[in-house]
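K.L.:
Shown below is the structure under consideration.
The values are calculated or read from the model by the stated rules, or taken from the named source; none is laboratory data. As the structure is a computational prediction, the values presented were derived from the model and not from experiment. Quick reminder, even Gly has a Cβ in these numbers, built from the backbone with ideal geometry, and neighbours come from all protein chains shown.
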Amino acid sequence: MIRFTWRQFRGQATVAGIGLAVVAIVLAITGSHLAHLYDTTVATCATHGDCDAATGNLLGADKFLQTALNVLVLVLPGLLGVFWGAPLIAGELEAGTFRLAWAQSVTRTRWITCKLGLVGLASMVVSGLFSLMVTWWFSPIDLVQANRLSSSIVFGARDIVPIGYAAFAFVLGASAGAIIRRTLPAMATTLVSFVVARIVFTTLIRPRLIAPLHRGFALDPNATGFGSSGSPLSGAGHAALQPNPPDIPNGWIYSTDIIDKAGRPLTSQVLKSDCPLLGTSGPPAGGTHSRSEVPNGVQHVLHDCVVKVGTTYHGVATYQPGSRYWYFQWSETAIFLGAAIVLAGLCFWWVRRRVT
Amino acid sequence: MSNNSTDISAGRLAPAVIEARGLAKRYKRRWALSDCTLAIPEGKVVGLVGPNGAGKTTLLHLAVGLLAPTSGHIAVLGQRPASGPAQLGRVGFVAQDTPTYATLSVADHLRLGAWLNPRWDRDLAERRIVQLGLDLGQQTRSLSGGQRAQLTLTMAIAKRPDLLLLDEPVASLDPLARREFLDGLTKIVADHGVSVVLSSHLVADLERVCDYLIVLVASRVQVAGEIKALLASHCRLTGPRRDPKSLPANVQLIEASHTDRQTTLVVRADGAVHDSAWTVESLSLEDLVLAYMGRAASTELGHRPASQDQP
């Protein structure tokens, strides 16, 4: 049955193999150039004192390829689910060939095990290899940008999570195909549900995988902005100081707040009574302003205000430290693999009991 | 597939290749097969005949385990259909419209058969393909319907089954391909002594090759038995017009038709009909089948199943 599954899958496997080889060649050439650029400029910039120029130069290199690679790693699991997963069973049901396959001396259970196992494994290998190459290629850039954890796109396009995504998308496609029994609707369903699953996980589940840490810091009068958001209904805007978050290398900062020693947040009433001038001569309500945009006079007001507020209040950052990168990678991979296994169980049950 | 695989043919002298008890299958609201009780003896070539939508495909799919019964039991070669690789290996099946993998070649299909069937007879398969003049390298999408039917039949017999089930194998073939296919089947039966169940909605197809007949109409088995015995026990009675209820006790009415002065009856008679008022004629197989179909149609009038043979 393994040989037969391979015979059916051979064409798709060849396409994937060629694709990976082409990507490998392109990345080997451009990637070693990037690594060289890093070693000769960014790594030594501290001694020359031109670090801004060096990092800018590195980040600007191969801009198109950077975008393309991030997008490709992002969509590859979905494509595998749509083009390898969805037609796997739906194609046989649609063409009627399952009646030929199931008339051989092979049980349905073995048939579905081999199909899901072999093609599913191939999906994980393809996605994993691609992610590995891209991770290597991006390593100098990621070192500079330090956003592997904080950027949801970068996080999902590095190291091992794409393997989990691929396994999940593939089994999702196969199950949709078994249940819907028609290839095209199964493909569409797979795509939509995979995108929804990824968005829900990224926005709702990933930030809650482990409780974040908190770090307090003194408010810096020169690095704190002011913003207010007005609502047409209440009239009066909600005014707030916006502290610059502390520097947490490779970290993922959820939010920064201003609280007093008892942990009470700075309310806009307190802010108004402490700094009556703030906001009156300043920018109109309804926006956030970095210091550079704010006129000089307002800067003085803001400076004095932050000094005054800073006597009783301090900033606190809620964040995940960079050291938790691998904790997040492994957790998310494990959860998607677990979901894939649950879906595979559904697929087994459906093919054995419900199909025909 | 909730039934335990009890050997329901145990204790019989002639083992049944297919034994069904109260077998029924329902698709959503429609019964495709109802209350089917059958025992098909070993070594027969069985014709399963009935109009489209009668439940022939359903019965065959239940027999190969493609479908699970809604109620009742079926045992094929003494075991639950598709209960394991060994049971699957003993049953050859050619599905309706003879599906094959369009992008795989004839040779790929033979390889597939060899990989998936431990009892695969490679010589037999290759010899047959050569005899049929099929090109081994050709993709099956470019084969004719007859060639595809022959390829799938070859795959079904090269696995060396004890029972061969064929679902409308000749329905889509032209008359010449039809004859070639049926002649090939006759030869296979002679060579390998395999039991065969063959479905068709045309009696003429079955007459050539079958020695046992099952008439399935409107999801019910109307009659089943050896063709010789069926022909011997059925006859047509023609006589002056009279009420069919006045028939003797050993005569069972199948179908009656009347003109102003004359009555024609098709009956099943367990013994000779001693009534000089009747002219007794023997029936052709086709007449016999048509009589049962007509009876089923008149009793099921108004609620015949949709003319669909598939789930």
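K.L.:
Suppose we keep only residues that are β-branched (Val, Ile, Thr) and without any contact (Cβ under 8 Å) to a residue 12 or more places away in the chain within segment A:167-202. Which one would you say is farthest from residue A:299 (Cα to Cα)? Give the derivation first.
P.N.:
Looking only at segment A:167-202, we keep the residues that are β-branched (Val, Ile, Thr), and these are A:171, A:179-180, A:183, A:189-190, A:192, A:195-196, A:199-200, A:202.
Filter once more, keeping what is without any contact (Cβ under 8 Å) to a residue 12 or more places away in the chain: A:192, A:196, A:199-200.
On the way: A:192: 49, A:196: 44, A:199: 40, A:200: 41 Å.
Of everything passing the filter in segment A:167-202, A:192 is farthest from residue A:299 (Cα to Cα).
K.L.:
Report yes if residue A:91 is surrounded by fewer than 18 Cβ atoms within 10 Å (Cβ to Cβ), without any contact (Cβ under 8 Å) to a residue 12 or more places away in the chain and either of a type in the set (Gly, Ala, Ser) or part of a helix (DSSP H, G or I) (or both), otherwise no.
P.N.:
no
K.L.:
Taking the condition part of a helix (DSSP H, G or I), within 14 Å of chain A (Cβ to nearest Cβ), out of contact with any Phe, Trp or Tyr (no Cβ under 7 Å at 6 or more places or on another chain) and touching a residue at least 12 places away in the same chain (Cβ under 8 Å), does residue B:67 pass?
P.N.:
So residue B:67 does not fit the description; no.
K.L.:
Considering only segment A:189-197, I want to know if a residue exists there that is farther than 30 Å from residue B:118 by Cα, part of a helix (DSSP H, G or I) and more than 21 Å from the chain's Cα centre (by Cα).
P.N.:
Within segment A:189-197, the subset farther than 30 Å from residue B:118 by Cα is A:189-197.
Cutting the leftovers down to part of a helix (DSSP H, G or I) gives us A:189-197.
Next, only the ones that are more than 21 Å from the chain's Cα centre (by Cα) stay: A:189.
Yes, the conditions are met somewhere in segment A:189-197.
K.L.:
So, of the residues in segment A:1-30 that are touching a residue at least 60 places away in the same chain (Cβ under 8 Å) and of a type in the set (A, V, I, L, M), which turns out to be farthest from the other protein chains (Cβ to nearest Cβ)?
P.N.:
Among residues in segment A:1-30 that are touching a residue at least 60 places away in the same chain (Cβ under 8 Å) and of a type in the set (A, V, I, L, M), the one farthest from the other protein chains (Cβ to nearest Cβ) is A:27.
K.L.:
Could you tell me whether residue B:106 is at the interface with chain A (Cβ under 8 Å from one of its Cβ atoms), buried (at least 16 other Cβ atoms within 10 Å of the Cβ), touching a Leu at 6+ places or on another chain (Cβ under 7 Å) and touching a residue at least 24 places away in the same chain (Cβ under 8 Å)?
P.N.:
No.
K.L.:
Step by step: first the residues of segment B:144-193, then only those that are of a type in the set (Asp, Glu) and in contact (Cβ under 8 Å) with a residue 60 or more places away in the chain, then the one that is nearest to the other protein chains (Cβ to nearest Cβ). Which residue is that?
P.N.:
Going through the qualifying residues, I end up with B:167.
K.L.:
Hey, another quick one. Quick one: would you say residue B:113 is facing chain A (nearest Cβ under 8 Å), among the small types (Gly, Ala, Ser), under 25 Å from the mean Cα position of the chain (by Cα) and assigned to a helix (DSSP H, G or I)?
P.N.:
The answer is yes for residue B:113.
K.L.:
Residue B:266 fails exactly one of the following numbered conditions: (1) among the aliphatic types (A, V, I, L, M); (2) out of contact with any Lys or Arg (no Cβ under 6 Å at 6 or more places or on another chain); (3) part of a strand (DSSP E or B). What is the number of that condition?
P.N.:
In the conditions (1) among the aliphatic types (A, V, I, L, M); (2) out of contact with any Lys or Arg (no Cβ under 6 Å at 6 or more places or on another chain); (3) part of a strand (DSSP E or B), residue B:266 misses (2) alone.
K.L.:
While we're looking at this one, here's another question. Among the residues that make up segment A:148-164, is at least one of them over 30 Å from residue A:57 (Cβ atoms), within 17 Å of the chain's Cα centre (by Cα) and part of a helix (DSSP H, G or I)? Quick ask: steps written out before the conclusion?
P.N.:
Taking segment A:148-164 first, the residues over 30 Å from residue A:57 (Cβ atoms) are A:160, A:163-164.
From what's left, within 17 Å of the chain's Cα centre (by Cα): A:160, A:163-164.
Of the ones still in play, those that are also part of a helix (DSSP H, G or I) are A:163-164.
Scanning segment A:148-164, I find at least one residue that is over 30 Å from residue A:57 (Cβ atoms), within 17 Å of the chain's Cα centre (by Cα) and part of a helix (DSSP H, G or I), so the answer is yes.
K.L.:
Restricting attention to segment A:259-284, which residues are modelled with pLDDT under 80 and acidic (Asp, Glu)?
P.N.:
Scanning segment A:259-284 gives a single hit, A:274.
K.L.:
What pairs come up if the first residue lies in segment A:328-347 and is over 22 Å from residue A:211 (Cα atoms), the second is surrounded by fewer than 19 Cβ atoms within 10 Å (Cβ to Cβ), and their beta carbons are under 8 Å apart, counting only those six or more places apart or on different chains?
P.N.:
Listed by first residue and then by second, the contacts come to A:339/A:197.
K.L.:
Looking at B:128, B:119, which one is in contact (Cβ under 8 Å) with a residue 12 or more places away in the chain, more than 21 Å from the chain's Cα centre (by Cα) and crowded, with 21+ Cβ neighbours inside 10 Å? So that I can check it myself, show each step before the final result.
P.N.:
Numbers: B:119 fails: crowded, with 21+ Cβ neighbours inside 10 Å.
The match here is B:128.
K.L.:
Moving on to the next point. Restricting to segment B:70-103, and then to whatever is at positive phi and among the aliphatic types (A, V, I, L, M), can you tell me which residue is farthest from the other protein chains (Cβ to nearest Cβ)?
P.N.:
Result: B:77.
K.L.:
Taking residue A:96 as the residue in question, decide whether it is at the interface with another protein chain (Cβ under 9 Å from one of its Cβ atoms) and surrounded by fewer than 18 Cβ atoms within 10 Å (Cβ to Cβ).
P.N.:
yes
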